[in-house]
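The values are calculated or read from the model by the stated rules, or taken from the named source; none is laboratory data. Just so you know, these numbers come straight off a predicted model, no measurement behind them. In this analysis, Cβ positions are derived from the backbone assuming ideal geometry, glycine residues included, and neighbour counts consider all displayed protein chains.
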Amino acid sequence: MRSMNDRAGRATAKRLATATACAALAAVGVTGATGPGLGASPAQAPRNQVFSIISLTVHGKERPIPVVGSGAITAAGVFTEKAIARDLDRITLRFPKGTLVLRARENLSWKPDLGACLATARGGTTWKVIGGTGAYAGATGGGTYTDHGTLLGARGADGACLGKAAPPPYVIVTADFVGTVTLPDR
């Protein structure tokens, strides 16, 4: 029969070996291990993400809307949006390495000030990644966004604000989409 010291020593050695193996697995990130026979490539961990846009309309003509991404996707590109239902937009962000498609509720609310011949707006809600191409195919994520706008109203020859009787000479809207994005591991 083995002595108590021998059994305690083996139990300690076994616990030490198990702890060392767990630490080694954690150090190399095996939680999503892949390899022959281990399944498909995992996604990367969710990363913080910000997309910022500035929309400018001059005399009724909207300019291309630039978008700058910082985080999981760090790139400059072009923003487009299309209404897909009442107060629901499909947003497309085109970057050099691919396209990211988002869904967001629209709730920008304008408050006119006819005395100053301008209007200001504030809004924001949530957004969700619903698709992607290229480097962003299979991406997931979402978050919140805030937008702010300023509309400079048209004035008549007498200086009076024309209000809704004439299109505004300038409209600027800025938005920041903040959240997380997870990209597939490639």
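Does LYS111 fit the bill of being of a type in the set (D, E, K, R) and within 12 Å of the chain's Cα centre (by Cα)?
no
Identify, please: which residue in segment 76-134 is hydrophobic (A, V, I, L, M, F, W, C) and assigned to a loop (DSSP other than H, G, I, E, B) and is, among those, farthest from LEU162 (Cα to Cα)? Steps first, answer last, please.
Let us first name the residues in segment 76-134 that are hydrophobic (A, V, I, L, M, F, W, C), namely 76, 78-79, 83-85, 88, 91, 93, 95, 100-102, 104, 108, 110, 114, 116-119, 121, 127, 129-130.
Of the ones still in play, those that are also assigned to a loop (DSSP other than H, G, I, E, B) are 108, 114, 116-117.
On the way: LEU108: 22, LEU114: 9, ALA116: 11, CYS117: 8 Å.
Out of the qualifying residues, it is LEU108.
Filtering segment 22-63 down to residues that are loosely packed, with under 10 Cβ neighbours inside 10 Å and under 27 Å from the mean Cα position of the chain (by Cα), which residue is modelled with the highest pLDDT?
Filtering first and then ranking leaves LYS61.
Under the condition of being outside any loop (DSSP other than H, G, I, E, B) and either among the charged types (D, E, K, R) or free of Cβ contacts under 8 Å to residues at least 12 places away in the same chain (or both), which residue from segment 55-75 is nearest to GLY123 (Cα to Cα)? Outline the logic, then answer.
Here is the first cut: in segment 55-75, the ones outside any loop (DSSP other than H, G, I, E, B) are 55-58, 61-62, 65-71, 75.
Subsequent filtering for residues that are either among the charged types (D, E, K, R) or free of Cβ contacts under 8 Å to residues at least 12 places away in the same chain (or both) retains 61-62.
Working: LYS61: 22, GLU62: 20 Å.
Within segment 55-75, the match that is nearest to GLY123 (Cα to Cα) is GLU62.
Among the residues of segment 161-186, what is the count of those that are part of a loop (DSSP other than H, G, I, E, B), buried (at least 20 other Cβ atoms within 10 Å of the Cβ) and either of a type in the set (S, T, N, Q) or out of contact with any Leu (no Cβ under 8 Å at 6 or more places or on another chain) (or both)? First the steps, then the outcome.
Going through segment 161-186, the residues part of a loop (DSSP other than H, G, I, E, B) turn out to be 162, 166-169, 183, 185-186.
Going one step further and asking which of them are buried (at least 20 other Cβ atoms within 10 Å of the Cβ), we end up with 168, 183.
Of the ones still in play, those that are also either of a type in the set (S, T, N, Q) or out of contact with any Leu (no Cβ under 8 Å at 6 or more places or on another chain) (or both) are 183.
The qualifying residues number 1.
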